[in-house]
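**Student:** Pasting a structure below so you can have a look.
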């Protein structure tokens, strides 16, 4: 693809580095910014620089934050529950369900030998220490990792590491999504749905 100027080409090349954005989309975005007031581009640039330079990670939860100090304890949450997730977007997704009211622990990834990611590269040791320091206050650890081979391997590893501390370990349920059709559901998911089936309760009307 040829560009009318080197400046446009450089902008397109940098924007297209973002996931899910190809050259054509990057070109549209670059041309869009070019037509806006200079303040718009300056604000975007400043926000991105601040994001990169000023973002912190909570020393306890490892959630993306504005400070390294944990703010979880200041919130009205159930300290007995601890949900282990891969990354901060998973925290946001679970919070948006309005069904979970405990604390979180972000691993920063999952075990993946192919990618060279081992247990020592993740926030697993700090998770174990967190359970030990809680002195029984944390009663249940929910492993909310993606249902992939890497996710299952990580869950199994964590479960073994936490086994000596007597904490209850659970995983999120996996099954057929609402609105999904059985014939298009993969065999593993459908099989787990059968194994983890729930009671179907019907309350009969009485005169």
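**Student:** State all residues of the range 3-28 that are more than 19 Å from residue 45 (Cα to Cα) and under 24 Å from the mean Cα position of the chain (by Cα); if no residue qualifies, say none.
**Tutor:** If the condition is that a residue be more than 19 Å from residue 45 (Cα to Cα) and under 24 Å from the mean Cα position of the chain (by Cα), then 20 is the only one that fits.
**Student:** OK, next. If you take just the helices (runs of 4 or more DSSP H) that sit entirely in the range 1-70, which of them hold at least 2 residues that are exposed (fewer than 10 other Cβ atoms within 10 Å of the Cβ)? Break it down stepwise before answering.
**Tutor:** Numbers: elements: 6-15, 23-35, 38-54.
Result: 38-54.
**Student:** Same structure again: I need a count of the residues in the range 101-117 that are in a loop (DSSP other than H, G, I, E, B) and free of Cβ contacts under 8 Å to residues at least 24 places away in the same chain.
**Tutor:** Residues flagged as in a loop (DSSP other than H, G, I, E, B) and free of Cβ contacts under 8 Å to residues at least 24 places away in the same chain within the range 101-117 amount to 2.
No lab work stands behind these numbers, since they all come straight from the coordinates. Just so we're clear, the structure is a prediction, and the values are computed from it rather than from any experiment. Backbone-built Cβ (ideal geometry, glycine too); neighbour counts: all protein chains shown.
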